[in-house]
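Visitor: What follows is a structure written as structure tokens; I'll ask about it next.
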Amino acid sequence: MFDGATPPRSGPLRLAIISTYDEMCGIAGYTRALEQQLRPHAEVTVFDLDQYLLRAPHKRVQRLADDHIKEIAARLHEFDSVNIQLEYGTLGRTTKQIMRRFRKLVTAAPAVSVTFHTILGQEPLDWSAIGYSLITGRIVRAFRIVSAFHRNRDLGTRTYRFLRARQRRQPVSVIVHTKRDARLLRDVFRVRNVEHHPLSFIAAADAERIRQTATRDQFPLLRTFPPDAKLIGSFGFLSPYKGFEIALRALHYLPDDHHLLIFGGVHPQAIRREQAIDPYIQTLFDEAHIGHTILDTVNEKGAPLSFNLDAASKDFLTRHPEDLHSRVHFLGVHNDETFMRAMALCDMVVLPYLEVGQSSSGPIAMALEMGCRVLASRTLAFLQFARYHPNQIEFFDIGNYAELADLILAGTAAPGGERRLDFHTGTNAALYLEANQPGSHQSNRRQDKMSQPNTVIAESVS
């Protein structure tokens, strides 16, 4: 068993980070932020996982993807430790591909820490969803639910078993984003050396700089708004689990001076050939009655359409009376700093996500660090995140747009620079530095030591 002994080393920690990096995705954004947090204290090299190679279905390209992983693995001996930002899909399309490449990287590293962005294997099979699919004749959907369950459980089990075995041979630490996930890995899957810390992106001083310099003129659309317009920001790739339609429903019950700004776009991997419009965008249009007329609603309800209309009525019928086009604005995909600049301009950030079993969320961490007023649905991930930042988030039940509308109207102003967080970029950097010090990977290492921030280490990296 590894005893934690390591020869003395001079100079700063030499750390390799393996992750997506140049992609427009949450993992890449977090890696870029983490790199900035660690650079003053370590020599950091990021190995970008080429998603064109690793996600391609073609056999020849898959061989090139394996060569890509081998090339990264061949260089890992140059470093004191290696951090892998693990989102399974970034390593391949199948369980076999993912595990082969993950094993190659771990075994090539002198010491390794693995950051899990998804914890697989803890959710039971959703029998209610299977039953509903069968009753409604969606046999293929039922089959996919069962297949995905077994695939995820198998992938998670293999990963945890492999890490347990490696911990007897080499220094291996694990980092997760919630205390719940840390306990699950330790108590259920018997993985040792597990640390936890919420996502953290921007230091307080940098957040204050952005707040002081952000103006509506930096976003051409916002220049057209009246100065007293209330801006509600929602952030993230456009996907059904984001629940943006809940914010749209709430908007119907808010005064006309309230505008919903949706910062995000369709994820690159969700773009389909010859698809006229993404189905979720169409869902949002339908919810906001954008492009609808009153005739669409009348027709849906089965009312007869054979009646005479005067000119005034015809003008009225050319646009739906609940069309929110003038109050719903799609502002597209932006880089990390522009996202934060937009957050600084919003009166509140609303995150109406659905529960899908995810462990973390970049937008809620960014919004909190930017000093925004944050309203979030009561998902398990957001509730776990709030344990690190008590009394900083206003919650509403998933899908309850009436409660959301009331919260928006009744809430107070965002705290701005007055907010003080116990867990921040300093404590995050401190955890990564400690987890990747080869001498700190000890078999008897105390579990859950980050239940409270390590203030001694954190202050040295703040």
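Since every read-out is calculated from the coordinates, none of them should be taken as a lab result. As the structure is a prediction and not an experimental result, all values here were calculated from the model. Because the Cβ atoms are built from the backbone with ideal geometry, glycine has one as well, and the counts that use them run over all protein chains shown.
Visitor: What order do you get for 191-202, 374-385 when each peptide is scored by the mean count of other beta carbon atoms within 10 Å, highest first? Mind dumping the intermediate values first?
Guide: Details: 191-202: 23.8, 374-385: 21.0.
Answer by packing, highest mean first, reads 191-202, 374-385.
Visitor: Please name whichever of HIS58, LEU76, LEU86 sits farthest to the positive end of the charge dipole of the range 49-109, dipole taken about the Cα centre and charges placed at Cβ: Lys and Arg +1, Asp and Glu -1.
Guide: HIS58
Visitor: Can you compute 3J(HN,Hα) from phi for each residue in the range 351-366, using the Karplus curve 6.51 cos²θ - 1.76 cosθ + 1.60 with θ = phi - 60°, rounded to whole Hz and x for Gly and Pro?
Guide: Here the 3J(HN,Hα) series is 10, x, 5, 8, 7, 10, x, 6, 9, 7, 8, x, x, 5, 5, 4 Hz.
Visitor: For the range 94-243, list log₁₀ I(q)/I(0) at each q in 0.14 Å⁻¹, using the Debye formula over Cα point scatterers of equal strength and ignoring solvent, two decimals each.
Guide: These q points yield log10 I(q)/I(0) values of -0.91.
Visitor: Order of MET99, MET343 from fewest to most other C-beta atoms within 10 Å? Don't skip to the end; give the middle numbers.
Guide: Details: MET99 18, MET343 27.
Ascending number of Cβ neighbours within 10 Å: MET99, MET343.
Visitor: In units of 2.2 N^0.38 Å, what is the alpha-carbon radius of gyration of the range 160-256?
Guide: Working: Rg = 22.1 Å, N = 97, 2.2 N^0.38 = 12.5 Å.
For the range 160-256, the normalised Cα radius of gyration comes out at 1.76.
Visitor: So for TYR52, TYR388, TYR253, fewest C-beta neighbours within 10 Å to most, what's the order?
Guide: Numbers: TYR52 11, TYR388 25, TYR253 14.
Fewest to most other Cβ atoms nearby, the residues stand as TYR52, TYR253, TYR388.
Visitor: Taking amide H positions as placed 1.01 Å from N in the peptide plane, with prolines and chain starts having none, which residues 5 or more places from PHE396, or on another chain, fall under 5 Å of its amide H?
Guide: ALA376, SER377, ARG378
Visitor: Would you mind classifying the range 325-367 by shape? Square roots of the alpha carbon gyration tensor eigenvalues, ordered a ≥ b ≥ c; an a/c under 1.5 is rounded, otherwise it is prolate if a/b is larger than b/c and oblate if not.
Guide: Cα axes put the range 325-367 in the oblate bin.
Visitor: Post the alpha-carbon centroid distance, the range 151-226 to the range 229-275, in whole angstrom.
Guide: 24
Visitor: For each of HIS58, HIS334, count neighbouring Cβ atoms within 10 Å of the residue's Cβ, then give the residues from fewest to most. Please report the intermediate quantities before stating the final value.
Guide: Working: HIS58 9, HIS334 17.
The most exposed by this proxy come first: HIS58, HIS334.
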